[in-house]
Structure formats: structure tokens, C-alpha cells
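The values are calculated or read from the model by the stated rules, or taken from the named source; none is laboratory data. In this text, all values refer to a predicted model and were calculated from it rather than measured experimentally. Ideal geometry is used to build each Cβ from the backbone, glycine not excepted, and the neighbour counts take in all protein chains shown. We work out accessible area using only protein heavy atoms, side chains counted, and drop any ligands, DNA or RNA first. Shrake-Rupley method; radii C 1.70, N 1.55, O 1.52, S 1.80 Å.
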Amino acid sequence: MELKLDPWGAVHVDDYNKLFSEFGISSFEQILPQLQNPHPYMRRKIIFGHRNYDSVLAAMKRHEPFGVMSGFMPSGRAHFGHMMVMNEIIWHQQHGADAYAAIANMEAHAVRGISWEKCRSLGINEYLLSLIALGFEPKENSHIYFQSENYKMRNLAFELGREANFSEVSAIYGFSGETHISHMESVMAQSADILHPQLKEFGGPKPVVIPVGADQDPHIKLTRDLAYRMRKFLVELRGDYISIRGKAASQEMMQAAESALLEAEIGKVKRYEEHIDVTEILDQDRLTTGALLEAVDRLIIDLEIKQGQYGFIPPASLYHRFMTGLTGGKMSSSKPESHIALTEEPKEAGKKIMRAITGGRQSLSEQKKMGGEPEKCSIYEFLVFHLSDDDKELVELDAECRSGRRMCGTCKKDVAERIERFLREHQQAREAARERLPEFGIKI
Ligand code: TRP
């Protein structure tokens, strides 16, 4: 039996389709078949889009270094929406990634005015304990950090600031003459969060994926641009030849690039004032698959590194859908009734579920006649996103609901029980995680 799971109605999908056509995000579905063991979020189309995730998949397959990185702004309680990002970080770490998690205390302090002490306690108690409880492990080249304490990242933020000017960031973030400078700095900090796993201290350039909600895409796009601007060469395929263009590269670097290309013996190398062309390429097969272009880019990146440059690879990203709030509309940290926090008292969480908006009809008889609408149900969504590992169970529930055989009361009771059980276990794991904070370099 082929399982087709699309927990959303056409309305939502349309909205997300816009992201593809207007913003240049790629559809995740197209690369899904390349994953042997996709995360349920991937299988269930909760992760719906990406940028450049191909680069991460390729590294994963070849057992080459790659990374995962995301950040959390410590401005309120961590809820199930944040847990998705945590699970995505952990899944990649378990699949071999160097994993990085930032507590964005500079951003929370600059943008929301939250005190450093409050950032610290929210960062630890809301986010880090859950992240560790869910399975983040200490590993070489895996780090949990507070932005303000990571000077490698902060120094990089300063460098990146040279490549981003005021009119550009204003256009992206709506900054005006009133916007204070720390706010702008926090934007560079986020770009540096994303790129710093590629510093040589952390193993050098590698594909790094940033799992985020679609609202964070402007940061991703800016950071991908900055990564490119920090490069000294642009390596491009131009029909049947490869062009290596120096972007203000010194003559010394051009010379080094020429020698490296000659040594690699891939074709005829011709050097001009500001670019080098490789024509008459010997291995046409590799050229058509793009593998050769990638190899040449890698060669040039290594050369940039040797010359003390960064050689960043544009970061990849994954986008997941947002959960609907329990009261309808968006799930939001600032509206307690709309979400369930990971530290919520389990009984209280159960009560929130019992009060939540479902896809049920006005009356019992109407529902029996017309059936419910699981695609509009915040309770069903909880099952799809978090509380059922079983795709078959979901397909059956969906069918029973639509046919009018299953009523909301039954579902609510079931989901309330599952959520209470989940929270009890998670909160126990959090207490165990508290003991382990020093393993992650977090002082308590
Ligand atoms: N700006 C993000 C938020 O508002 C938090 C964040 C900081 C982040 N640094 C990051 C997200 C790096 C992804 C990658 O939640």
C-alpha cells in the first residue's frame, strides 16, 4: 500500500508554493527519494523546502564532513515548534554532522531588550535542557554556545559587516534611521552563527544546513550572498568550459590558481588578466554531472584557504511548516493558550488540548453526516508533527474522521493522554540533562 500523506488542504500548499516561485526556495519533495532513511518531518512533507540541500546530501553519502547549525532566541518559553528545529539538528548530528546550536542572546538583548541574566536562564532552562534531553550529544566539532561568549563567531560577524552595507540590510529587514546599531550587529551575528562552522578552527569549509521556519529565509539569503562575497574566485560552468574568475584576487593568487589547475590536468588552462578558462576538458562525463565543476571549486577553495581566506561554501537550508496554534491562527510564544511549552505541567497541557480548535463541525449530527476536516484540526496536526510514529495510523485516523465515524471528543482524549505522557518523559529527561550541562561547556 502506498502511503500518501498530505495533512494539509490545498490552501496551505498554495501559500507554500508561492515560496518556491517567488523566493527561489526548492521543493523538498524532489530530493526526498535520495534519502534512505528520511526523518518523519521529511516523509510527511512538514519539511517542504530547501536551498542547496543537495550539497549536504552529497557530503553525507560520501562520508565527507558536513554540518548542521541553528539558533534559538531566548525570548520566551520553548514549545513544540522549537522542538522541530531541535529534532532536525539532532537528526543531522546522528547522521554524521558537526552540530552547532546558538542561544541568540545578543539578538534577544538587542532586539527585545531582554537582560543578559534572563537570556541566560531562558537559554538554559527553556532551550538547552530540552535540546540535550532530545538527544544532542557532545562531540568534537559540535558546540552549544551563547552568542555573546563565542568570540570566533563575533570576530567573523565583524568581518562580514564589511560586506553588508546599510541600504542593503535596510531593504531586507526594514531598518530605518531610528534602528539602533546593536540591532544591526545582531543580524551580522546571525550570519556569523551560520558561517562560523566553516572556519578553519572548526574543520574548514564544508556544506552546512540550517533548519529554520520559512520566516528566517531572508537571513539565509543574505548569508548565502555574504558567503559568496567573501570568496576570492568565482568558479562557473560556461557551456563546455569552466571559468575561474578572480574577484579582486591578487596576481599572486591568480598565479597560484593557474598552477593548481595545470597540476590537476583537467584540460587546457589559459590565463587572462582577471580570469582563467579551462577548455578542452578531458573528462566530459564528470563535466555533465557537475562533479568536475564541484571538484574545481574545491581546489580553488583550498587555495583560498592556503592564502588565509575563508573559502566559504554557501550554506544550505531546510524549511518546515509552522504548526497551527491550538486557538487557531499562528502558534506563538507570546500567546500561552496557542501553544504547549516543553516545560508545561502535563495535566495543564492535557486541558489545553481539550480546549483546542479542531476540524469538527457545528453539531454532532452534522459531523456524522459531513465528516470532520482533519486538515483544519490542530489536534490532528499534533499527531502528524509529533505524537505518532505510525504513518498507517494517521491515514486511518484521517479516513475515519472524514467519514464521520470518529468524533472530536475521542481524538482529544487520546491526544491529551499522549501529550501528557510525552511531557512527563521529556521533563524527566530534562532533569537528567541538567547534570550533563558541564559536558557541553555550559557553566551552571
Ligand atoms: N533569529 C533566529 C530567531 O529569531 C535565531 C537565530 C540566531 C538563528 N542565530 C541563528 C537561527 C542562526 C538560525 C541560524 O529565532
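Listed values, structure above:
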| item | result |
| --- | --- |
| Filter result for Glu381 (open to solvent by less than 30 Å² (accessible area, probe 1.4 Å), part of a helix (DSSP H, G or I) and not assigned by TED's automatic domain parsing to the domain that holds Leu128) | yes |
| Any hit, segment 177-200, residues being part of a helix (DSSP H, G or I), away from the ligand (no atom under 16 Å from the Cβ), over 30 Å from Met323 (Cα atoms) and open to solvent by 20 Å² or more (accessible area, probe 1.4 Å) | yes |
| Some residue of segment 77-89 being within 16 Å of the ligand (Cβ to nearest atom) and in a loop (DSSP other than H, G, I, E, B) | yes |
| Flag for Leu299 being over 26 Å from the mean Cα position of the chain (by Cα), under 30 Å from Tyr100 (Cβ atoms), open to solvent by 20 Å² or more (accessible area, probe 1.4 Å) and of a type in the set (A, V, I, L, M) | yes |
| Considering residues of segment 399-420 that are under 23 Å from Gln362 (Cβ atoms) and touching a residue at least 60 places away in the same chain (Cβ under 8 Å) only, the residue surrounded by the fewest Cβ atoms within 10 Å (Cβ to Cβ) | Ala416 |
| Residue selected from segment 167-176 under the condition of a type in the set (A, V, I, L, M, F, W, C) and without any contact (Cβ under 8 Å) to a residue 12 or more places away in the chain, by the criterion most open to solvent (accessible area, probe 1.4 Å) | Ala171 |
| Criterion: within 25 Å of the chain's Cα centre (by Cα) and open to solvent by 60 Å² or more (accessible area, probe 1.4 Å) - qualifying residue of Lys335, Lys306, Lys351 | Lys335 |
| Unique match (being surrounded by 15 or more Cβ atoms within 10 Å (Cβ to Cβ) and within 15 Å of the ligand (Cβ to nearest atom)) among Leu261, Leu226 | Leu226 |
| Some residue of segment 215-238 being part of a helix (DSSP H, G or I) and over 23 Å from the mean Cα position of the chain (by Cα) | no |
| Residue within segment 41-61 that is more than 17 Å from the chain's Cα centre (by Cα), in a loop (DSSP other than H, G, I, E, B), within 26 Å of Gly290 (Cβ to Cβ) and assigned by TED's automatic domain parsing to the domain that holds Ser191 present | no |
| Qualifying residue in segment 100-109 (condition: within 15 Å of the ligand (Cβ to nearest atom), closer than 17 Å to Phe66 by Cα and surrounded by 23 or more Cβ atoms within 10 Å (Cβ to Cβ)) | yes |
| Number of the exception - Pro218 against (1) within 16 Å of the ligand (Cβ to nearest atom); (2) touching an Asp or Glu at 6+ places or on another chain (Cβ under 6 Å) | (2) |
| Residue within segment 27-46 that is of a type in the set (Val, Ile, Thr) and modelled with pLDDT under 95 present | yes |
| Hey, Leu19 farther than 23 Å from Lys221 by Cβ and either open to solvent by 10 Å² or more (accessible area, probe 1.4 Å) or over 17 Å from the mean Cα position of the chain (by Cα) (or both) or not | no |
| One residue from Gly246, Gly239, Gly203 being surrounded by 18 or more Cβ atoms within 10 Å (Cβ to Cβ) and either of a type outside the set (Lys, Arg) or more than 22 Å from Met69 (Cβ to Cβ) (or both) | Gly246 |
